[in-house]
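Q: Please read through the structure below; I'll follow up with questions.
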Amino acid sequence: MTPETLAKLHDAAFSKDRAWSADEFRALLDSPYCHLSTAQNGFALWRAIAGEAELLTIATHPDHQRQGIGTELMQQWMRTAQDSAGTAFLEVAADNAPATRLYAQFGFEVVARRAGYYKRDDHKVEALIMRAPLPFTVSQKSPGD
Ligand SMILES: CC(C)(COP(=O)(O)OP(=O)(O)OC[C@H]1O[C@@H](n2cnc3c(N)ncnc32)[C@H](O)[C@@H]1OP(=O)(O)O)[C@@H](O)C(=O)NCCC(=O)NCCS
């Protein structure tokens, strides 16, 4: 995927947060530490440094969500990351139920919180820092459990 395609898909998927520009994606892709995992209508961008893998962003086009693409992307990046990292972490807005449920299925647990980190129209939302051990295991729990 080109930086322009990534920026378009990111803009379509993130309705509440600032869209990342093609130039921002280009700069990240130029970094030797950043990696891109792709699927049709979705992508995950992550980096691995000093034994830790960080998910920078993940997006599925809104017309194709809830069809297993996010799961496929999580499997892709975590499988690759586990060759060089023993831990995976990420940051997510506390009001992002689809993402937090997806991450929980891959063993991510909240290890820290940043109050008021994400701005919404009339309020602020905390950021959750989530961490999972690698190699990963997929939880068999249903989201509501
Ligand atoms: C988070 C995101 C990548 C998930 O992608 P997806 O392709 O829809 O994911 P999947 O179809 O593989 O869903 C996997 C699980 O995620 C959870 N999930 C996904 N969409 C959900 C929704 N709308 N409501 C509740 N849970 C949801 C469910 O647990 C789901 O498993 P299930 O379908 O067996 O119940 C997608 O919703 C997205 O692009 N959101 C906007 C961008 C974003 O917020 N990215 C994360 C930023 S940290």
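The values are calculated or read from the model by the stated rules, or taken from the named source; none is laboratory data. Since the structure is predicted, the reported quantities are computational estimates derived from the model, not experimental observations. Note: areas computed on protein heavy atoms with side chains; ligands, DNA, RNA excluded. Shrake-Rupley method; radii C 1.70, N 1.55, O 1.52, S 1.80 Å.
Q: Before anything else, pin down the relative contact order of the range 3-133: Cα pairs under 8 Å, at least 6 apart, normalised by residue count, whole percent.
A: Details: 223 pairs, mean separation 24.1, N = 131.
Once normalised by length, the contact order is 18 percent.
Q: Does the range 1-107 classify as rounded, prolate or oblate by the C-alpha gyration tensor (a ≥ b ≥ c root eigenvalues; a/c under 1.5 gives rounded; else a/b over b/c gives prolate, otherwise oblate)?
A: Details: a/c = 1.56, a/b = 1.11, b/c = 1.41.
Taking the square roots of the gyration eigenvalues as a ≥ b ≥ c, the range 1-107 is oblate.
Q: Okay, next question. Under the rule of at least 5 residues apart or a separate chain, name every residue whose amide H is placed under 5 Å from the amide H of residue 117.
A: Close amide H contacts, sequence-distant or interchain: 125, 126, 127.
Q: Also, quick follow-up: Per residue, how much accessible area does the chain have with a 1.4 Å probe, in Å²? Working shown, then result.
A: Details: 8330 Å² over 145 residues.
Result: 57 Å² per residue.
Q: Leaving ligands, DNA and RNA out of it, report the carbon-plus-sulfur percent of the accessible area of the chain at a 1.4 Å probe. All intermediate terms of the calculation are to be shown ahead of the outcome.
A: On the way: 3930 of 8330 Å².
Reported share for carbon and sulfur atoms: 47 percent.
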